[in-house]
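All remarks here apply to the structure that follows.
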Amino acid sequence: MDDNSPGRLAIVGPGRAGTALSLALVARGWTVTAVAGRSPEAESTRRVAVALDARPVPASDAGRDADLVIVATPDTAIAGAAAGLAPSLREGALVLHLSGARTLHEFDDLLLARPEVAVGSLHPLQSLPSGEVGRARLPGSWCAIDGPDSVERIALTLGMRPFRVDAADRMRYHATACVASNHLVALLGQVERLAADAGVPFEAFLPLVRATLDNVDDLGTAGALTGPVARGDAATVAAHLDVLPAEERAAYRALAEAALRLAGREDHAELQSLLSGEVVG
């Protein structure tokens with residue numbers, strides 16, 4: 001793949017991320033030649049193949065007519081799926097995985113068999129709950145890339161904002177993404193439970209969440225921080241701990257300690273004592 005013109009692509013692992021990327025490329029003129037899932041007969045494989053106007057094929061045949069092969073399997077299956085593609089790949093093809101945690105070493109076995117093919121990775125830093133919703137969210141989203149310049153061109157074609165992450169930092173990057181998305185959802189799960197305990201609708205808190213994210217975008221994390229920890233209000237924090245269910249206190253303390261560091265109040269002895277558990281509310 002040496003130019004910006006649309007080409008032919010195949011997808012191995014037709015889940016949400018792979019389908020979203022494929023739909024986005026189709027919208028920009030690409031043609032999907034093949035879809036490979038658990039088997040050509042699997043309902044999920046056939047459903048995505050129909051949506052992409054492609055043939056359902058065994059994974060070992062997926063690369064036969066493709067300029068680009070997207071390997072969108074679970075992380076633990078990337079290396080095996082890529083190696084299985086080797087006999088079918090065209091010379092000059094690009095094989096791309098979508099993992100945020102894995103490096104290009106997932107392609108080591110593939111490159112032993114087919115050293116002339118190109119390999120890369122593109123991890124959308126975005127939540128993709130379905131193929132269609134994901135396709136719409138890709139433009140404007142950041143993405144971590146590795147590999148040849150053609151990977152960056154694909155990202156830019158999709159309207160994404162590519163950046164490179166060193167292999168040594170890849171797992172740290174992925175952990176950060178999990179905190180930003182998965183752990184945020186877990187935190188909102190706590191909000192939902194505490195709201196129910198207080199007899200307040202969970203939905204009442206969502207405008208506050210959205211406004212807080214806007215403040216972070218505008219002011220940065222330290223500038224957006226408000227509340228009792230930022231003010232050094234130990235009495236209110238103690239009252240919170242007193243009314244919280246025991247199973248909710250550990251998360252509250254951990255997040256309040258993080259807020260304490262962000263606020264630069266690590267020297268506030270009373271808050272430190274409360275949050276370390278030395279003082280029981």
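Please treat every number below as a calculation from the coordinates, not as lab data. None of the values given here were measured: they were computed from a predicted structure. Note that we place each Cβ from the backbone using ideal geometry, even for glycine, and neighbour counts take in every protein chain shown.
Please list, in order, the residues from the range 174-193 whose amide nitrogen is less than 15 Å from a point placed 7 Å along the Cα→Cβ vector of residue 212. Under cut-off, by backbone N: 180-193. Here the spin labels are modelled as points 7 Å beyond Cα on the Cα-Cβ line, and at residue 108 and residue 91 they lie 2.8 nm apart. Using the Cβ-Cβ distance between residue 198 and residue 31 with R0 = 51 Å, the FRET efficiency computed as 1/(1 + (r/R0)^6) comes to roughly 0.40.
Please check which bits of the range 196-222 a label hung off residue 176 would reach, taking the label as a point 7 Å along Cα-to-C-beta and the cut-off as backbone N under 15 Å. The answer is 221, whose backbone nitrogens lie closer than 15 Å to the label point. 3J(HN,Hα) along the range 50-60, derived from phi through the Karplus expression 6.51 cos²θ - 1.76 cosθ + 1.60 where θ = phi - 60°, amounts to 5, 4, 9, 6, 10, 8, x, 9, x, 4, 5 Hz, with x in place of Gly and Pro. Beta bridges from DSSP with both residues in the chain: antiparallel share about 15 percent, rounded to the nearest 5.
DSSP beta bridges confined to the range 118-234 are antiparallel in about 50 percent of cases.
Annotation for the range 77-178: chymotrypsin sites (Phe, Trp or Tyr not before Pro) lying in DSSP loop with at most 11 further Cβ atoms inside 10 Å of their Cβ do not exist.
Packing-based ranking of 41-48, 182-189 yields 41-48, 182-189, ordered from highest to lowest mean Cβ neighbour count within 10 Å.
Annotation: extensible slack from residue 16 through residue 255 equals 82.9 nm (criterion: 0.36 nm per residue apart, minus Cα-Cα distance). For the range 49-124, which GluC sites (Glu not before Pro) pass both filters: DSSP loop (anything but H, G, I, E, B) and at most 10 other C-beta atoms within 10 Å? Those that pass, being in a loop and sparsely packed, are 91, 116. Around the Cα centre of the chain, unit charges on the Cβ atoms of Lys, Arg, Asp and Glu (plus for the first two, minus for the last two) sum to a dipole of about 660 debye.
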